[in-house]
Amino acid sequence: RVARALQQNIALLQLEDVIRLVQGDALRWLQGPAAGYDVVFLDPPFGEALLQPAADLLEQRGWLAPGALVYLERDAHAPPPRLPDNWRIRRSKRAGQAAYQLLERTT
């Protein structure tokens with residue numbers, strides 16, 4: 001239902017040429033052929049230990065363009081993931097159960 005609503009909004013805004021919505025197993029998808037994205041949102045279900053492997057695959061497999069921005073959201077009570085060395089924190093906040101960061105990939 002959420003993916004359908006997002007796809008409808010993409011169409012409404014006529015952004016089909018610039019936004020790609022993928023619904024499926026994220027870790028499996030990240031192991032496939034990579035493309036250099038400028039903006040990535042990482043917001044896996046809390047408690048499922050997906051954040052670290054997703055961040056690693058984004059960096060190792062070439063999914064991020066130089067200077068890419070990564071929005072990362074996680075359980076505020078869980079330890080933060082080990083970020084790739086070339087990701088720097090631009091902003092970091094906490095709201096209730098969620099901690100979130102805006103990260104920039106440096107070259």
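The values are calculated or read from the model by the stated rules, or taken from the named source; none is laboratory data. Bear in mind the structure is a predicted one, so any value in this text is a computation, not a measurement. Don't worry about glycine lacking a Cβ; one is built from the backbone with ideal geometry, like all the others, and counts go over all protein chains shown. To get the accessible areas, we keep the full protein, side chains included, count just its heavy atoms, and leave off ligands, DNA and RNA. Shrake-Rupley method; radii C 1.70, N 1.55, O 1.52, S 1.80 Å.
Tabulated data
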{"read-out": "Gyration tensor over alpha-carbon atoms, the chain, equivalent ellipsoid semi-axes in Å", "value": "22, 18, 14"}
{"read-out": "Local electrostatic count, Ala99, Cβ distance below 9 Å [Lys/Arg +1, Asp/Glu -1]", "value": "+1"}
{"read-out": "Around Asp43: net Lys/Arg minus Asp/Glu count, Cβ-Cβ under 13 Å", "value": "-2"}
{"read-out": "The chain: antiparallel DSSP beta bridges as a percent of all, rounded to 5", "value": "75"}
{"read-out": "Share of alpha-carbon pairs per 5 Å distance bin for the stretch 50-107, given as whole %", "value": "4, 19, 31, 25, 14, 6, 1"}
{"read-out": "Protein accessible area in the chain, 1.4 Å probe - carbon and sulfur %", "value": "52"}
{"read-out": "Rounded to the nearest 20 debye, dipole of the stretch 27-107 from Cβ charges on Lys, Arg, Asp, Glu", "value": "180"}
{"read-out": "Dipole of the chain, positive end: most advanced residue of Phe46, Ala26, Ile10 [Cβ charges, Cα centre]", "value": "Phe46"}
{"read-out": "Nearest-20 debye value, the stretch 1-64 charge dipole, Cβ charges on Lys, Arg, Asp, Glu", "value": "220"}
